[in-house]
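Heads up: the structure comes next, in structure tokens.
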Amino acid sequence: MPEDINKSYVQRYVDKARSTESEGEKNNCLYRAGTHMEVIDCNGDDNLTSEQRQAVLDAADKLLGGSK
């Protein structure tokens, strides 16, 4: 992960992803957080696999100190 990660940006989108029922919105939020943390490729495809979603959530938990 890069050193200059904006934690509030990641927190905002992870919170949105965890609070929505919409699969599309969840994927979009996790795509934003994941590309910001450089956990997933920034290729414009926010149709994430379950493995990609979990990788983003795991990285966010690590970055944010397991706050969620």
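For region 7-63, what Kirkwood radius comes out of the mean inverse Cα-Cα distance, in Å?
Mean inverse Cα-Cα distance, inverted, gives 10.8 Å.
Note down the magnitude of the dipole of the chain about its Cα centre, charges +1 on Lys and Arg C-beta and -1 on Asp and Glu C-beta and zero elsewhere, to the nearest 20 debye.
The calculation lands at about 320 debye.
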Practice problem: Quickly rank 53-63, 5-15 as a protection proxy: mean count of other C-beta atoms within 10 Å, highest first. | Solution: 53-63, 5-15
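Read-outs: derived from the displayed coordinates by stated rules, not from any lab. Please read these numbers as outputs of a predicted model, since none were measured by experiment. Quick reminder, even Gly has a Cβ in these numbers, built from the backbone with ideal geometry, and neighbours come from all protein chains shown.
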